[in-house]
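The values are calculated or read from the model by the stated rules, or taken from the named source; none is laboratory data. All of these numbers come straight from a predicted model, not from anything done at the bench. Note that we place each Cβ from the backbone using ideal geometry, even for glycine, and neighbour counts take in every protein chain shown. Heavy atoms of the whole protein, side chains included, go into the accessibility calculation; ligands, DNA and RNA do not. Shrake-Rupley method; radii C 1.70, N 1.55, O 1.52, S 1.80 Å.
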Amino acid sequence: MFIKMKRNKITGICLPEYPLFLLEGAALIGVIAYLFYDSPIAVAGLLPLLFPYYRRRCREKHEKDKKELSAQFREALAAIITALKAGYSAENAFSECRREMVFQFGEKAMITGELGRIEKGLENHVPLERLLTEFAGRWEIEEIREFAEVFAIARKSGGNLPGILGRTAEIIRDRMEIDTEIDLLLSSRKMEQKIMDGVPFFIIFYLGLSTEGFFDVLYHNPGGVVFMTGCLAAYLAAILLSDRIMAIEL
């Protein structure tokens, strides 16, 4: 099952380590029920929104983890190439790299855990090429996949492994730096998007608080319920559209 591993790829349902997202979704549904319908009964009708919210937050967390791991992998590449040039075998270079990553990022860092998994696999006589391919498959990060493929080809060809991997690492690091710059340029737009997502709630809350009875005509009657439901649907559609616009593949 895809929910079995701690950090498997997102395939529709989030991993069981994020119960906080369910609490966030439940709280948000309560706020919507209050602002749009002024009725606790509306919570039952809005509960189906909890699942897509959960998936969205899990997807965001997964993407954040991927970016963090990519940055750590860039540092790991430099450590691996340095170890290879110093005369270490490929297997020992990854073990040395893990110790370096523990020093830089700590024992609980994602790259440390992944390199630890590779180290354990090597102790069980699993080929390094297979371990790197599995590492790339777990995260679906393009740079890790490319490195695993180049490593496997270089290992089979018996060429100058440090030289081949060194040139590959330079290309990968340059591209990752460009991706980081693009992501920094988009970060302000993403923050603006999050602020705009909360504006309708603030407007409804402010008008309801400052003008008593302003929304009474829209509450507790069929016409008002239909109207507010239409507004809520338009709001959710706008969020989905903004997500698609900001979902730029780097």
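Is at least one residue of segment 99-117 within 21 Å of LYS156 (Cα to Cα) and not β-branched (Val, Ile, Thr)? So far as segment 99-117 goes, no, none of its residues is within 21 Å of LYS156 (Cα to Cα) and not β-branched (Val, Ile, Thr).
Note on segment 108-164: among residues that are open to solvent by 10 Å² or more (accessible area, probe 1.4 Å) and hydroxyl-bearing (Ser, Thr, Tyr), the one that is farthest from HIS62 (Cα to Cα) is SER157.
Condition test on GLY230, is it open to solvent by less than 50 Å² (accessible area, probe 1.4 Å) and in a helix (DSSP H, G or I)? For GLY230, the condition - open to solvent by less than 50 Å² (accessible area, probe 1.4 Å) and in a helix (DSSP H, G or I) - is met. Of LEU47, LEU84, LEU77, LEU69, all but one fail to be hydrophobic (A, V, I, L, M, F, W, C) and surrounded by fewer than 15 Cβ atoms within 10 Å (Cβ to Cβ); the exception is LEU47.
Scanning segment 43-65 for residues that are among the charged types (D, E, K, R) and touching a helix residue (DSSP H, G or I) at 6+ places or on another chain (Cβ under 6 Å) yields a single hit, ARG57. The criterion of at least 2 residues that are under 27 Å from ARG175 (Cα atoms) and more than 21 Å from the chain's Cα centre (by Cα) is met by the following helices (runs of 4 or more DSSP H) wholly inside segment 18-100: 50-85. When PRO40, PRO127 are checked against the criterion of being modelled with pLDDT under 95, touching a helix residue (DSSP H, G or I) at 6+ places or on another chain (Cβ under 9 Å) and over 26 Å from ARG167 (Cβ atoms), PRO40 stands alone in meeting it. The condition (being at pLDDT 85 or above and either more than 19 Å from LYS85 (Cβ to Cβ) or touching a helix residue (DSSP H, G or I) at 6+ places or on another chain (Cβ under 6 Å) (or both)) is satisfied by just one residue among ARG173, ARG145, ARG167: ARG145. A single entry from SER210, SER188 fulfils the requirement of being more than 16 Å from ALA42 (Cβ to Cβ), out of contact with any helix residue (DSSP H, G or I) (no Cβ under 6 Å at 6 or more places or on another chain) and open to solvent by 60 Å² or more (accessible area, probe 1.4 Å): SER210.
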